[in-house]
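The values are calculated or read from the model by the stated rules, or taken from the named source; none is laboratory data. Model, not experiment: these values are computed from the prediction. In this analysis, Cβ positions are derived from the backbone assuming ideal geometry, glycine residues included, and neighbour counts consider all displayed protein chains. Side chains are part of the model used for accessible areas, which takes the heavy atoms of the whole protein and leaves out ligands, DNA and RNA. Shrake-Rupley method; radii C 1.70, N 1.55, O 1.52, S 1.80 Å.
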Amino acid sequence: MLSIFADAANTASTGQLLMTFIPLVLIFVFFYLLILRPQKKQEKKDAQMRENLEVGDEIVTNGGIVGIVFSIKDDTVVIETGGDRSKIRIKKWAIAKVESTHED
């Protein structure tokens, strides 16, 4: 008779434990679907944009500098800015977007 109550108590505590963790698991799934997955998709899109840069493309940096790509190295890009055609070397990760592409 005592073992029947022990089995019922174990079943009840397992059910309570399961009901405690279900909301936590749902929060993690919600977090992944609405935050992490779109962020990774955007990072992949940005990396592809930076890899497809060509000389002559007009770009905007994260700091707001607008320029035309003059040369491309492994992880740096030289851009021409302003009317006096000054050149600035920047890192590829600092490129926010490509405004227009060079027409061949």
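Per residue, the solvent-accessible area of segment 21-65 (1.4 Å probe, heavy atoms of protein chains only, all protein chains present) comes to 82 Å².
The HN-Hα couplings worked out from phi for segment 27-42 by the Karplus form 6.51 cos²θ - 1.76 cosθ + 1.60 (θ = phi - 60°) are 5, 5, 5, 4, 4, 5, 5, 9, 10, 5, 5, x, 5, 5, 5, 5 Hz, whole numbers, x standing for Gly and Pro. Other residues within the sphere of radius under 12 Å centred on the Cβ of Thr61, judged by their own Cβ, net out at +3 (K and R +1, D and E -1).
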